[in-house]
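See below for the structure under consideration.
The values are calculated or read from the model by the stated rules, or taken from the named source; none is laboratory data. It should be emphasised that the depicted structure is a prediction, and the values quoted were computed from it without experimental measurement. Virtual Cβ from ideal backbone geometry, glycine too; neighbours counted across all protein chains shown.
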Amino acid sequence: MFKVRYSYLPQQFADPSEILEELRRFVPTGDFTLGKPVGEFERRFAELIGTKHAIGVGSGTDALKLGLRAVDVGYGDEVITAANTFIATVGAIAETGARPVFVDCDDTFCMNVDQIEAAITSRTKAIMPVHFTGYMTDMEKLMPIAERHGIPVVEDACQAILADIGGKRAGTWGIAGGFSLHPLKNLNVWADGGIIVTNDDAVATKLRLLRNHGLINRDEIELLGYNSRLDSVQAIVGNWLIPSTHDITKKRIANAARYDAGLGQIPQIRIPPRPRGKQVVFHLYIVFAEDRDALFKHCVDHGVEVKIHYPIPLYQQRGLAHFGYKAGDFPVTDRHTTEIISFPCDQHLEPEQIDYAIDVVRNFYRGKN
Ligand SMILES: *Cc1c(COP(=O)(O)O)cnc(C)c1O
């Protein structure tokens with residue numbers, strides 16, 4: 001048993017009685033497919049993010065894929081994205097038939113937007129920035145570049161619910177933004193689920209068609225789509241949790257500040273930049289550590305369940321070898337894989353657990369100064 005465990009799901013859903021009561025009422029209605037709870041969740045999610053539309057889909061991966069399809073990304077196109085993302089971003093791009101074109105990240109774990117222009121070609125059909133770990137990509141710099149080249153931006157906001165720059169939220173900068181409701185995400189349900197936000201009426205209409213086989217009514221197909229609907233049952237869980245989203249976010253930010261204050265005093269730990277005016281929502285709490293592998297083992301041995309997000313850069317994965325990238329192509333991403341370490345940062349952690357984790361790190365380096 002870890003003293004500081006990574007997964008908080010047993011605590012989060014320790015008392016499911018309200019959800020189960022809601023399900024008891026719902027099940028006899030038989031309204032399972034795009035039912036009333038889905039519409040309600042979509043309205044509340046759009047209100048939460050501050051967009052005109054939100055469209056519930058089968059997963060965060062599908063949210064990204066449908067977002068790309070909505071701006072006509074398809075076979076032979078290129079989509080620029082971050083080299084250090086989770087596989088789902090690349091999977092979504094590849095599922096459209098397009099090729100992912102990677103750009104290296106910076107120490108905020110997001111795409112280095114200064115390198116985007118060099119990656120644009122005549123085949124570039126979209127840019128998919130990833131607001132990785134809950135940091136925002138520098139959208140103030142990215143959007144003018146995209147606009148100058150006439151390239152639509154679809155945001156991967158799967159880890160960045162309620163992150164913002166100057167109050168403008170993740171998912172609202174591009175033409176559309178995809179979110180995940182996966183159990184490990186900040187706003188989570190009991191299985192897979194995703195949602196896409198947009199302010200564009202035509203894109204919203206297309207997304208609604210794309211998620212439901214392209215059916216405009218029972219008998220007519222407007223375009224070739226997918227079976228990718230948010231389940232009514234999961235929407236019920238989402239409707240129960242969504243009022244807590246602001247509190248979850250605040251707690252994660254407070255936890256990160258507590259870690260920063262403690263770990264920041266340890267010379268062998270480097271805290272990533274904390275830019276003013278940007279709200280980082282700490283889906284992951286990551287710092288850079290000297291002698292990382294030994295620290296990792298020390299933490300695990302002392303009951304702190306740390307993780308590495310991720311130990312092998314995506315572009316060097318065997319399953320992606322056909323994209324033709326090679327070791328050394330993305331030096332910052334590569335450096336991160338040897339320096340990063342993630343600590344639990346969720347809303348169910350006690351301050352004492354964070355202090356304990358900090359002590360464990362301090363003890364590891366003690367005597368090494
Ligand atoms: C979780 C995640 C996704 C995909 O979400 P799923 O709901 O698991 O399909 C996409 N991109 C990033 C960065 C993620 O973290």
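Annotations
- Restricted to helices (runs of 4 or more DSSP H) entirely inside segment 68-176, those with at least 2 residues that are basic (Lys, Arg) are 139-149.
- Elements of the type helices (runs of 4 or more DSSP H) sitting completely within segment 286-369 and holding at least 3 residues that are at negative phi and either touching a His at 6+ places or on another chain (Cβ under 6 Å) or of a type in the set (Val, Ile, Thr) (or both): these cover 331-339, 351-365.
- For segment 66-86, a residue qualifies if it is within 13 Å of the ligand (Cβ to nearest atom) and under 11 Å from Ala176 (Cα atoms), and the qualifying residues are Leu66, Gly67, Leu68.
Quick grid of which residues meet (1) charged (D, E, K, R); (2) farther than 18 Å from Ala119 by Cβ; (3) within 16 Å of the ligand (Cβ to nearest atom):
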site: Glu21; (1), (2), (3): yes, yes, no
site: Arg24; (1), (2), (3): yes, yes, no
site: Thr29; (1), (2), (3): no, yes, no
site: Thr51; (1), (2), (3): no, yes, no
site: Ser59; (1), (2), (3): no, yes, yes
site: Ile93; (1), (2), (3): no, no, yes
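- Complete set of residues in segment 219-229 that are in contact with a Lys or Arg (Cβ under 8 Å, 6 or more places away or on another chain) and surrounded by 14 or more Cβ atoms within 10 Å (Cβ to Cβ): Gly225, Tyr226, Ser228, Arg229
- Filtering Ile216, Ile271, Ile236 for residues that are hydrophobic (A, V, I, L, M, F, W, C), outside the structural domain of Cys299 (by TED's automatic domain parsing) and surrounded by fewer than 19 Cβ atoms within 10 Å (Cβ to Cβ) leaves a single hit, Ile216.
- Within segment 214-259, being closer than 25 Å to Lys36 by Cβ and of a type in the set (Gly, Ala, Ser) holds for Gly214, Gly225, Ser228, Ser232, Ala235, Gly238, Ser244.
- A count restricted to segment 118-144 and to residues that are small (Gly, Ala, Ser), farther than 17 Å from Pro273 by Cα and in contact with a helix residue (DSSP H, G or I) (Cβ under 8 Å, 6 or more places away or on another chain) stands at 1.
- Residue identified as assigned to a strand (DSSP E or B), more than 14 Å from the ligand (Cβ to nearest atom) and touching a residue at least 40 places away in the same chain (Cβ under 8 Å) among Val197, Val203, Val233: Val197
- In the set Arg252, Arg211, only one residue is within 16 Å of the ligand (Cβ to nearest atom) and not assigned by TED's automatic domain parsing to the domain that holds Glu47; that residue is Arg252.
- Counted residues, segment 157-193 - those being more than 8 Å from the ligand (Cβ to nearest atom), among the aliphatic types (A, V, I, L, M) and under 22 Å from Tyr6 (Cα atoms): 8
- Any hit, segment 212-223, residues being acidic (Asp, Glu), closer than 18 Å to Ala46 by Cβ, in a loop (DSSP other than H, G, I, E, B) and touching a strand residue (DSSP E or B) at 6+ places or on another chain (Cβ under 8 Å): no
Residues are listed down the side, and each one gets a yes or a no for (1) surrounded by 22 or more Cβ atoms within 10 Å (Cβ to Cβ); (2) assigned to a strand (DSSP E or B); (3) at pLDDT below 95:
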residue	(1), (2), (3)
Arg25	no, no, no
Gly56	yes, yes, no
Thr61	yes, no, no
Leu66	yes, no, no
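- Scope segment 74-117; condition closer than 15 Å to Pro129 by Cα, surrounded by fewer than 24 Cβ atoms within 10 Å (Cβ to Cβ) and aliphatic (A, V, I, L, M); matching residues: Ile87, Ala88, Val101, Val103, Val113, Ile116
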